[in-house]
Each structure stands twice: as structure tokens, then as C-alpha cells.
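Novice: Handing you a structure now.
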Amino acid sequence: MKKIFIEENIIDFDSKVRITGKDFNHMSNSLRVSVGEEFVVGDASYNEYLGIISEVDKNEILIEIKNRIVRKRNDIDVTLFFSALKGDKNEDIIRKCSEIGVNTFIPTITKNSIVELNDKNGANKLLRWRALARESSMQCGRERIPEIFPIIYFDDLNKYAINSLKIFGEINSEKSLKSVFQENVQTRRFACFMGPEGDFTKYEIERLKSMGWIGVNLGDNILRSETSAIFVASSIYFFYPGGDE
């Protein structure tokens, strides 16, 4: 069933939600919705409701709220740290990892970061990334929209990885992703850091380990940064089934 997020809380059943602007354009032009079609409506508190389209006008769509939808919440929490990449690669990470279930994205400055984000450029990218996360969440029907943080510095990593199993991609590590998972079967919070296109420096690898991060290799093949992020996120949700979101 298709899903739409709204920015207010739904208080009463049988109330009507008004859809305008970009969401209206998406629903009317891309989805070509019609009266009587059912939708899942997610409100500002991430409660979900069954809604039925009651009216389609030139500039707005009305959805009548019928009843609350309750489903088991996924107790797996994944924060993905990534170094800003060239072109559309960051967007690929956010789209795919949002669909997989990643909860939080944090762009991080490393020594070999190729893309520099100044204040204006960074703010524009942040808006774009948040819009993509929202679109991907509607497309896949997940319960919550992932949070995307403003860019942080390398030495601030641990402030955002409290009480988490902290892993990072290290090509020459003797530890496999599977072995780390098997040693931490009860874990429910994960912080994952995939390196830039030029990889982490020797200093960064040593610094990460001193901060409690575990270096893992991702197999025999050397993966691109964006592929690594998608691979690790998928592996977590495969190994640690936490219920449907």
C-alpha cells in the first residue's frame, strides 16, 4: 500500500488530511491517484493510519482517516557515517540505505574526503539528502524517515555512536563482518563508518581503533565506498532480524 508522510499529528479518526504542494504533485502526476484509493498516512509522531482518498481537486487531495495501524517496531538502530563522495554517489547511499532501514546518516570529514562542503553548498546538499530520505521512506513504506545530520569532523565521531557496536571498513583487517556479528549477537545499536574513495589514512585507522571502533574486511573484493555502505547495512538487517518496521 502506498504511503504519505504529513507534518502534523492526527488527533481524531474520520478527520481529513489535506495534501498540497510537492506531495500533491507527486500523488496526482506520478502516482495518478483516484478517489477511493487507500493510503498509509504517517503523522509527525510516526503513528500510522489507514486513509482513503475522498477528494481529488486541481490543487489538493483530501484523505479521510479511518483507523490506526499498529505493527511491530524494529528494534535495530543503525547509524551510518559516510565521507561525502563525488557525483550522485551520496544520493545512492541515502536512497538505498533508507530503503534497507538505516536510521541516521552522518556525513563526516576525513583526510581523503574529495568533496568539500562549504556552508552554502553543505546546506543545499543537506536539504536535498533529507528530501531523498523522505521520498525513499514513502516508496518503501517504512515507519520513520531517517535523520540526516549536518557534516561533522572525524574526531567527533564517538559523540554520535554512544552505546553502539562501532565498526568501520578496513581492507586489511583479519576480522570479517560475520565474525564480529557472531561475537555480538545481542547487539541492537550499530555505528558503521565506510571510508572515502581514497580510503582511511593509517592515522585514521589507528585513531578509530583507539576510540573503540572495530575494523572489518568486507570480503575478497574491494568495494566502492557507496557499495560498502549498502553491503554493511544489508548485512546487519539480515543477521539481526528485528521485526518489521
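One line per residue, one yes/no per condition, for (1) modelled with pLDDT under 95; (2) closer than 30 Å to residue 27 by Cα:
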{"site": "145", "(1), (2)": "no, yes"}
{"site": "173", "(1), (2)": "yes, no"}
{"site": "183", "(1), (2)": "no, no"}
{"site": "194", "(1), (2)": "yes, no"}
{"site": "215", "(1), (2)": "no, no"}
{"site": "219", "(1), (2)": "yes, no"}
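Conditions tested, residue by residue: (1) assigned to a loop (DSSP other than H, G, I, E, B); (2) under 14 Å from the mean Cα position of the chain (by Cα); (3) of a type in the set (Ser, Thr, Tyr).
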site: 200; (1), (2), (3): yes, no, no
site: 204; (1), (2), (3): no, no, no
site: 209; (1), (2), (3): no, no, no
site: 215; (1), (2), (3): no, no, no
site: 220; (1), (2), (3): yes, no, no
site: 234; (1), (2), (3): no, yes, yes
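Novice: What single numbered condition from (1) in contact (Cβ under 8 Å) with a residue 12 or more places away in the chain; (2) surrounded by fewer than 18 Cβ atoms within 10 Å (Cβ to Cβ); (3) outside any loop (DSSP other than H, G, I, E, B) fails to hold for residue 168?
Specialist: All conditions pass for residue 168, except number (2).
Novice: Further question on the same structure: Exactly one of these conditions fails for residue 194: (1) free of Cβ contacts under 8 Å to residues at least 12 places away in the same chain; (2) in contact with a helix residue (DSSP H, G or I) (Cβ under 7 Å, 6 or more places away or on another chain). Give me its number.
Specialist: (1)
Novice: Determine the pairs where a residue that is among the basic types (Lys, Arg), located within the stretch 70-85, has a partner that is part of a strand (DSSP E or B) with Cβ atoms under 8 Å apart, the partner being 6 or more residues away or on another chain.
Specialist: Every condition considered, the pairs that remain are 71/48.
Novice: Can you confirm whether the stretch 109-122 contains a residue that is under 20 Å from residue 240 (Cα atoms), β-branched (Val, Ile, Thr), buried (at least 20 other Cβ atoms within 10 Å of the Cβ) and touching a residue at least 60 places away in the same chain (Cβ under 8 Å)?
Specialist: Within the stretch 109-122 (the criterion being under 20 Å from residue 240 (Cα atoms), β-branched (Val, Ile, Thr), buried (at least 20 other Cβ atoms within 10 Å of the Cβ) and touching a residue at least 60 places away in the same chain (Cβ under 8 Å)), the answer is no, since none of the residues qualifies.
Novice: So which strands (runs of 3 or more DSSP E) are wholly in the stretch 1-109 and hold at least 2 residues that are over 22 Å from the mean Cα position of the chain (by Cα) and modelled with pLDDT under 90?
Specialist: In the stretch 1-109, no matching strands (runs of 3 or more DSSP E) lie anywhere.
Novice: In addition: Cβ-Cβ below 6 Å, separation at least six or inter-chain, first residue in the stretch 145-165 and over 22 Å from residue 206 (Cβ atoms), second among the aromatic types (Phe, Trp, Tyr) and in a helix (DSSP H, G or I): which pairs?
Specialist: 148/129
The values are calculated or read from the model by the stated rules, or taken from the named source; none is laboratory data. Bear in mind that the values here come from a model prediction, so they are computed numbers and not experimental data. We place every Cβ from the backbone using ideal geometry, glycine too, and count neighbours over all the protein chains shown.
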